[in-house]
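The values are calculated or read from the model by the stated rules, or taken from the named source; none is laboratory data. Just so we're clear, the structure is a prediction, and the values are computed from it rather than from any experiment. Don't worry about glycine lacking a Cβ; one is built from the backbone with ideal geometry, like all the others, and counts go over all protein chains shown. The protein model used for the area step is the full one, side chains on, heavy atoms only, and it has no ligands, DNA or RNA in it. Shrake-Rupley method; radii C 1.70, N 1.55, O 1.52, S 1.80 Å.
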Amino acid sequence: MAEMKTLHVFRGDQSGGEEVAYEIPVEAGMVVLDAVHQIQATQAPDLAVRWNCKAARCGSCSAEVNGKPSLMCKTRVDAIEGEIHVRPMKAFPLIRDLVTDVSWNYEKAKQIEPFAPKEPAPFTMYQRDVERSQQFRKCIECFLCQDVCHVLREHSAKEQYFGPRFMIKIAELEMHPMDGADRLHFTSHQAGVGMCNITKCCQEVCPEHIHLTDDAIIPLKERVADREWDPIRALFHKTAAR
Ligand code: SF4
Ligand code: SF4
Ligand code: FES
């Protein structure tokens, strides 16, 4: 006899909703996304869930499993003691059931000045410069870091802060030795790096284990503080830029 487990899955939309309990047989190696698929196949064919790869590569199946932002396809059912509660990401508007509208993130991405090469490729670069930003390119845009960030999640400060995913995007560009653009004023004023108070929750939930705070946000804050928040240096930079 297969072990039975109860999944409490959020059902609803913008107008309201609640968790509904579904009992399912647990199979060896089952992940939460399998369990949700089993519920769809046998008990609730209209349960909405977004997924694609089932291999932790596409970043589509983001949700909150027992309150923790997680990829459903990477979260083993047998690793969770007791009941399992599956809810949509809280930081983004709900579409239906487990599906949220993450388009705000794509709007932010468009506002960041893209790579501006100082000279035509091919480039000669030191290995250490390649390695410094390599981890940032592993991002699968699951937006779990955005979901856990209390600035976006609890204070709804989406007008003031782009969130950790876009801090690593900016850091990747700023740390590229062949990039000639200057995004520090933008990082301070529009992207709002100063809103981050280094709680490090974002790097704890990242499925790619990117060191968002230590390797991107803190160095970015240092650069911005040096240039934008020190009044003498800021004045010097303004004069030099004229
Ligand atoms: S470290 Fe900064 S960006 Fe990361 S979760 Fe905390 S406040 Fe948000
Ligand atoms: S940095 Fe990590 S948690 Fe954030 S979107 Fe990229 S892969 Fe997801
Ligand atoms: S289904 Fe692609 S990351 Fe989970």
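Does segment 121-134 contain at least one residue that is outside any loop (DSSP other than H, G, I, E, B), at pLDDT 95 or above, open to solvent by 80 Å² or more (accessible area, probe 1.4 Å) and within 25 Å of Gln203 (Cβ to Cβ)? Among the residues of segment 121-134, not one is outside any loop (DSSP other than H, G, I, E, B), at pLDDT 95 or above, open to solvent by 80 Å² or more (accessible area, probe 1.4 Å) and within 25 Å of Gln203 (Cβ to Cβ), which makes the answer no.
For segment 153-175, the criterion of a residue being away from ligand 2 (no atom under 14 Å from the Cβ), over 19 Å from the mean Cα position of the chain (by Cα) and not charged (D, E, K, R) is satisfied by at least one position. The set of residues from segment 43-54 being under 18 Å from Val77 (Cα atoms) and more than 6 Å from ligand 3 (Cβ to nearest atom) comprises just one member, Val49.
When you check Cys142 against the structure, is it within 16 Å of ligand 3 (Cβ to nearest atom), open to solvent by less than 20 Å² (accessible area, probe 1.4 Å) and modelled with pLDDT of 95 or more, yes or no?
On the way: within 16 Å of ligand 3 (Cβ to nearest atom): yes; open to solvent by less than 20 Å² (accessible area, probe 1.4 Å): yes; modelled with pLDDT of 95 or more: yes.
Spelling it out, Cys142 is indeed within 16 Å of ligand 3 (Cβ to nearest atom), open to solvent by less than 20 Å² (accessible area, probe 1.4 Å) and modelled with pLDDT of 95 or more.
When Lys68, Lys118 are checked against the criterion of being loosely packed, with under 15 Cβ neighbours inside 10 Å, assigned by TED's automatic domain parsing to the domain that holds Glu18, within 30 Å of Glu172 (Cβ to Cβ) and of a type in the set (Lys, Arg), a single residue qualifies: Lys68.
Please determine whether any residue of segment 73-89 is within 13 Å of the chain's Cα centre (by Cα) and away from ligand 1 (no atom under 16 Å from the Cβ).
Going through segment 73-89, the residues within 13 Å of the chain's Cα centre (by Cα) turn out to be 89.
Within this subset, residues satisfying the condition of being away from ligand 1 (no atom under 16 Å from the Cβ) are none.
Looking through segment 73-89, none of the residues is within 13 Å of the chain's Cα centre (by Cα) and away from ligand 1 (no atom under 16 Å from the Cβ).
In segment 72-92, the qualifying residues are those that are out of contact with any strand residue (DSSP E or B) (no Cβ under 6 Å at 6 or more places or on another chain) and within 14 Å of ligand 2 (Cβ to nearest atom), and the one that is least open to solvent (accessible area, probe 1.4 Å) is Ala91. Among the residues of segment 32-56, the ones that are assigned to a loop (DSSP other than H, G, I, E, B) and either free of Cβ contacts under 8 Å to residues at least 40 places away in the same chain or among the aliphatic types (A, V, I, L, M) (or both) come to 13 in all. Would it be correct to say that Asp97 is under 30 Å from Gly16 (Cβ atoms), open to solvent by less than 30 Å² (accessible area, probe 1.4 Å) and of a type in the set (Asp, Glu)? Yes: the conditions hold for Asp97.
Answer with yes or no whether Ala2 is small (Gly, Ala, Ser), at negative phi, part of a strand (DSSP E or B) and touching a strand residue (DSSP E or B) at 6+ places or on another chain (Cβ under 9 Å). Answer is no for this residue.
If I go through segment 62-79 residue by residue, how many of them are assigned to a loop (DSSP other than H, G, I, E, B) and either touching a residue at least 40 places away in the same chain (Cβ under 8 Å) or within 16 Å of ligand 3 (Cβ to nearest atom) (or both)?
Initial filter on segment 62-79 (assigned to a loop (DSSP other than H, G, I, E, B)): 66-67, 75.
In the following step, the residues that additionally are either touching a residue at least 40 places away in the same chain (Cβ under 8 Å) or within 16 Å of ligand 3 (Cβ to nearest atom) (or both) were identified as 75.
Summing the residues that are assigned to a loop (DSSP other than H, G, I, E, B) and either touching a residue at least 40 places away in the same chain (Cβ under 8 Å) or within 16 Å of ligand 3 (Cβ to nearest atom) (or both) in segment 62-79 gives 1.
Do you know which residues across segment 12-41 are open to solvent by 50 Å² or more (accessible area, probe 1.4 Å) and in contact with a His (Cβ under 8 Å, 6 or more places away or on another chain)? Within segment 12-41, Glu19, Ala21 qualify.
So which residues in segment 197-212 are within 15 Å of the chain's Cα centre (by Cα) and either within 11 Å of ligand 2 (Cβ to nearest atom) or more than 16 Å from Leu144 (Cβ to Cβ) (or both)? Of everything in segment 197-212, those that are within 15 Å of the chain's Cα centre (by Cα) and either within 11 Å of ligand 2 (Cβ to nearest atom) or more than 16 Å from Leu144 (Cβ to Cβ) (or both) turn out to be Cys201, Cys202, Gln203, Glu204, Val205, Cys206, Pro207, Glu208, His209, Ile210, His211, Leu212.
Kindly indicate whether any position in segment 223-230 is away from ligand 1 (no atom under 11 Å from the Cβ), in the same structural domain as Tyr126 (by TED's automatic domain parsing) and not in a helix (DSSP H, G or I). Break it down stepwise before answering.
Step one: of segment 223-230, the residues away from ligand 1 (no atom under 11 Å from the Cβ) are 223-230.
Imposing the further condition that a residue be in the same structural domain as Tyr126 (by TED's automatic domain parsing) reduces the set to 223-230.
Going one step further and asking which of them are not in a helix (DSSP H, G or I), we end up with 230.
Within segment 223-230, one or more residues are away from ligand 1 (no atom under 11 Å from the Cβ), in the same structural domain as Tyr126 (by TED's automatic domain parsing) and not in a helix (DSSP H, G or I).
Checking the conditions here, which among Gly12, Gly29, Gly59 is touching a residue at least 12 places away in the same chain (Cβ under 8 Å) and outside any loop (DSSP other than H, G, I, E, B)? Quick ask: steps written out before the conclusion?
Details: Gly29 fails: outside any loop (DSSP other than H, G, I, E, B); Gly59 fails: outside any loop (DSSP other than H, G, I, E, B).
Step by step, each of Gly12, Gly29, Gly59 is checked, and only Gly12 is touching a residue at least 12 places away in the same chain (Cβ under 8 Å) and outside any loop (DSSP other than H, G, I, E, B).
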